[in-house]
Amino acid sequence: MKKQHHIINKVKTLALLMAMAPVSTLLFSSCGDFLEIEPRNEIVLEKFWNEKADVDNIVTGCYSALQSDACIRRMMIWGEVRSDNIAAGTNTSNDANLLNILNENITAKNNYTEWVSFYNVINRCNTVIKYAPEVAEIDPGYTQSELQATIAEMVALRSLSYFYLIRSFRDVPFTREAYIDDDQRMDLPATTFENVLDSLIDDLESVKAQAVKRYPTTTPIYQTGRITQDAIYAMLSEMYLWKQDYDRCIEYADLVIESKKKLAKEFQDSRQMTSSSDDENFSRTNGYPLLNNFTTNNRFGEAFGYLFADEYRYAQQEIIFQLVFSDNPSINNMPANAAVNEFYGNDNVAVGLLAPSDYVLEDIAKSSGRTIYEDKNKKLDARLYFNCNSGNTSIAKYVYRDLTINTGSNAQNPAVEYTRKWDVNDNGSNWIIYRLSDIMLLKAEAITQKLRDGSDEDINKFNEPYLAQIFSLVNAVNKRSVCQNVLADTLVAGDYMTKSQMEDLVMRERQRELMFEGKRWYDLVRRARREGRTTILSQAAMQKVTSGGSLIANKLAKMDAMYWPYYYTELKVNKNLVQNPAFSSGENSSYE
């Protein structure tokens with residue numbers, strides 16, 4: 001039986017390698033041939049890891065694993081679906097697990113709590129980190145600098161995967177070891193959130209200098225579709241924010257911002273950037289190189305196409321890292337974004353399994369008293385239309401390919417034209433992990449934590465420079481989205497003079513800027529961790545329900561409950577895991 005068990009695992013390992021490599025690089029014609037030739041370990045070490053091309057193929061497989069449907073769905077669900085942004089859409093009852101999450105009725109048997117897809121990415125990255133140095137020793141064409149860049153890339157993808165896991169589950173099994181042998185121990189106990197986060201930061205700090213700074217212009221997809229030094233800086237900025245090391249968060253955010261300013265200047269000098277003369281020096285956005293949203297003749301919406309459609313050349317001005325998909329997967333051998341296609345919608349289904357919550361739609365419809373969008377922006381915030389098509393109550397972001405906002409003669413009631421959706425099953429929208437406005441607002445959030453509470457003269461004097469910095473960042477992001485040719489500030493600095501006022505403004509700006517991008521729930525969790533209570537998180541979760549709000553509030557009153565339970569099968573195979581106490585034994589949803 002033991003010999004048969006090992007043979008089965010050899011087949012599984014070969015299947016993993018085959019999945020990671022393009023068809024043209026497959027080494028064997030069948031598993032039968034493989035089993036007749038020689039043991040697995042000898043093949044992996046002696047017949048596969050021989051040259052740089054072998055490493056490159058597995059690196060490509062690491063990205064493919066991260067952009068798998070299973071990973072993208074969990075990025076969306078873990079980061080967004082429990083928040084006030086999302087409600088049930090069309091035929092949601094067909095997915096009972098999704099419906100239970102929307103109702104905050106989460107158990108350890110919910111399939112979306114399964115994390116194997118992320119550990120798949122982690123193990124692939126660990127495998128490259130283990131074997132790439134050996135390849136460099138035997139392939140003279142694989143230089144030391146290329147090896148170091150590979151290691152940096154794999155450490156970053158591994159760290160990103162773990163970062164998703166700890167933000168979702170808090171404490172998780174952590175290892176830097178590649179699992180390549182049947183005899184290795186796999187039932188690791190969970191490592192605490194704090195220790196994993198410190199390890200991720202240490203790892204990224206150790207490789208940041210070796211990462212690729214910028215890929216050649218001949219590979220435009222790589223500029224945002226592969227890990228760069230800026231992507232590592234962005235990850236470090238957010239990780240330090242979660243660690244509550246605000247100075248380091250700001251330091252790395254500034255590195256990203258300065259890099260993007262330099263790139264924008266190069267675009268201007270080479271005339272690659274299309275923008276109006278008013279935006280040539282980014283005066284509209286306080287000097288930050290955000291993509292221009294103005295086209296011409298009272299028309300707006302250009303930034304939408306650059307960010308959420310398939311325009312690579314200009315998108316890199318703002319996007320830092322994204323997972324790249326194709327609208328023609330059968331031809332160019334790249335996957336379509338199936339998760340967005342099903343969850344958010346397509347040209348065949350106006351509303352997917354998920355939809356904007358009534359709370360979001362009602363806020364859009366209001367002319368005053370808004371809690372997400374600013375009253376002063378009236379109907380002129382482009383994100384009212386970027387995020388949602390309120391005409392058919394659907395999510396617009398990632399679903400529509402083109403959007404034009406025409407203020408025309410009625411500036412307070414723009415005409416909005418949604419011209420194209422991605423084809424059903426051929427959604428080519430890229431999934432953005434980091435973009436510049438996200439980093440700017442992370443920096444703004446970090447600075448708010450340097451403010452002092454109170455309003456006496458000494459405190460006001462201390463807070464004044466910090467308040468100015470925060471407002472400049474938030475106002476820049478906000479002004480980019482205001483549909484006015486000649487722009488006067490719609491936010492007024494004098495309205496945000498205390499720590500709590502500014503903190504709430506930053507949170508609102510992040511919500512409307514990054515809505516449906518898998519950020520909102522993590523923002524709420526981060527704030528709850530910082531404050532030591534779930535008050536704001538539970539209030540947000542209750543916003544999207546018309547009944548049962550008190551039950552949700554009771555559940556989310558516990559800090560443990562804002563995380564997810566371990567999937568029940570993990571507890572069966574790993575006896576060292578102890579279930580999140582908010583989910584009892586893992587067999588049901590009861591609370592202890």
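The values are calculated or read from the model by the stated rules, or taken from the named source; none is laboratory data. A quick note: this is a predicted structure, and the numbers were derived from the prediction, not measured. Cβ atoms come from the backbone with ideal geometry, glycine included; neighbour counts cover every protein chain shown. Note: areas computed on protein heavy atoms with side chains; ligands, DNA, RNA excluded. Shrake-Rupley method; radii C 1.70, N 1.55, O 1.52, S 1.80 Å.
General remarks:
- Number of residues in region 364-378 that are touching a Phe, Trp or Tyr at 6+ places or on another chain (Cβ under 9 Å) and either modelled with pLDDT of 95 or more or in a loop (DSSP other than H, G, I, E, B) (or both): the value is 3.
- The set of residues in region 536-548 that are β-branched (Val, Ile, Thr) and either in a helix (DSSP H, G or I) or crowded, with 18+ Cβ neighbours inside 10 Å (or both) comprises ILE536, VAL545.
- Any hit, region 100-108, residues being at pLDDT 95 or above, more than 30 Å from ALA553 (Cα to Cα) and surrounded by 20 or more Cβ atoms within 10 Å (Cβ to Cβ): no
- Assessment of region 190-209 against the conditions (open to solvent by less than 50 Å² (accessible area, probe 1.4 Å) and of a type in the set (D, E, K, R)) yields at least one matching residue.
- For region 274-297, filtered to residues that are under 13 Å from ASN478 (Cα atoms) and open to solvent by less than 20 Å² (accessible area, probe 1.4 Å), the residue that is modelled with the highest pLDDT is LEU290.
- Among the residues making up region 213-229, those that are open to solvent by 40 Å² or more (accessible area, probe 1.4 Å) and assigned to a helix (DSSP H, G or I) are PRO220, ILE221, TYR222.
- Scan of region 291-311 for residues that are over 10 Å from LEU403 (Cβ atoms) and assigned to a strand (DSSP E or B), ordered by number: PHE294, ARG299
- Filtering region 389-402 to residues that are under 18 Å from TRP431 (Cα atoms), of a type outside the set (Gly, Ala, Ser) and either buried (at least 24 other Cβ atoms within 10 Å of the Cβ) or in contact with a Phe, Trp or Tyr (Cβ under 7 Å, 6 or more places away or on another chain) (or both) leaves ILE395, LYS397, TYR398, VAL399, TYR400, ARG401.
- Count of region 420-437 residues, restricted to those that are within 27 Å of PRO289 (Cα to Cα) and in contact with a Lys or Arg (Cβ under 9 Å, 6 or more places away or on another chain), is 4.
- Residue that is surrounded by the most Cβ atoms within 10 Å (Cβ to Cβ) [pool: residues in region 109-120 that are among the polar types (S, T, N, Q) and part of a helix (DSSP H, G or I)]: THR113
- Qualifying positions in region 164-180 - assigned to a loop (DSSP other than H, G, I, E, B) and touching a residue at least 60 places away in the same chain (Cβ under 8 Å): ARG170, ILE180
- Residue within region 483-499 that is at pLDDT 95 or above, assigned to a helix (DSSP H, G or I) and surrounded by 22 or more Cβ atoms within 10 Å (Cβ to Cβ) present: no
- Scanning region 417-467 for residues that are touching a strand residue (DSSP E or B) at 6+ places or on another chain (Cβ under 6 Å), open to solvent by 10 Å² or more (accessible area, probe 1.4 Å) and not aromatic (Phe, Trp, Tyr) yields GLU417, THR419, ARG420, LYS421.
Table: residues versus (1) surrounded by fewer than 18 Cβ atoms within 10 Å (Cβ to Cβ); (2) in contact (Cβ under 8 Å) with a residue 12 or more places away in the chain; (3) out of contact with any Ser or Thr (no Cβ under 8 Å at 6 or more places or on another chain); (4) not in a loop (DSSP other than H, G, I, E, B).
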{"position": "MET502", "(1), (2), (3), (4)": "no, yes, no, yes"}
{"position": "LEU524", "(1), (2), (3), (4)": "no, yes, no, yes"}
{"position": "ARG527", "(1), (2), (3), (4)": "no, yes, yes, yes"}
{"position": "ILE552", "(1), (2), (3), (4)": "no, yes, no, yes"}
{"position": "PRO565", "(1), (2), (3), (4)": "no, yes, no, no"}
{"position": "VAL578", "(1), (2), (3), (4)": "yes, yes, yes, no"}
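- Considering (1) within 20 Å of the chain's Cα centre (by Cα); (2) among the small types (Gly, Ala, Ser); (3) surrounded by fewer than 17 Cβ atoms within 10 Å (Cβ to Cβ), the lone condition that SER368 does not fulfil carries the number (1).
- The one condition in (1) part of a helix (DSSP H, G or I); (2) more than 22 Å from the chain's Cα centre (by Cα); (3) modelled with pLDDT of 95 or more; (4) surrounded by fewer than 23 Cβ atoms within 10 Å (Cβ to Cβ) that ARG533 fails to fulfil: (1)
- Qualifying residue in region 554-561 (condition: of a type in the set (A, V, I, L, M, F, W, C), under 27 Å from SER283 (Cα atoms) and part of a loop (DSSP other than H, G, I, E, B)): no
- Condition check for TYR373: buried (at least 21 other Cβ atoms within 10 Å of the Cβ), in contact with a helix residue (DSSP H, G or I) (Cβ under 8 Å, 6 or more places away or on another chain) and free of Cβ contacts under 8 Å to residues at least 24 places away in the same chain: no
- Matching residues, region 339-363, being among the aliphatic types (A, V, I, L, M), crowded, with 19+ Cβ neighbours inside 10 Å and outside any loop (DSSP other than H, G, I, E, B): ALA339, VAL340, LEU354, ALA355, VAL360
- In region 173-181, the condition of being surrounded by 23 or more Cβ atoms within 10 Å (Cβ to Cβ), at pLDDT 95 or above and among the hydroxyl-bearing types (Ser, Thr, Tyr) is met by no residue.
- Residue match in region 247-256 (condition: touching an Asp or Glu at 6+ places or on another chain (Cβ under 7 Å) and under 23 Å from ALA444 (Cβ atoms)): yes
- When residues of region 121-163 are limited to those that are part of a helix (DSSP H, G or I) and open to solvent by 50 Å² or more (accessible area, probe 1.4 Å), the one nearest to ASP181 (Cα to Cα): LYS130
- Of all residues in region 471-494, none satisfies being in contact with a Cys (Cβ under 9 Å, 6 or more places away or on another chain) and more than 18 Å from MET239 (Cβ to Cβ).
- Residues being β-branched (Val, Ile, Thr), assigned to a loop (DSSP other than H, G, I, E, B) and farther than 20 Å from ALA231 by Cβ - total across region 186-212: 1
- Region 427-465: number of residues that are assigned to a helix (DSSP H, G or I) and over 14 Å from the mean Cα position of the chain (by Cα): 17
- Flag for ARG383 being open to solvent by 10 Å² or more (accessible area, probe 1.4 Å) and of a type in the set (D, E, K, R): no
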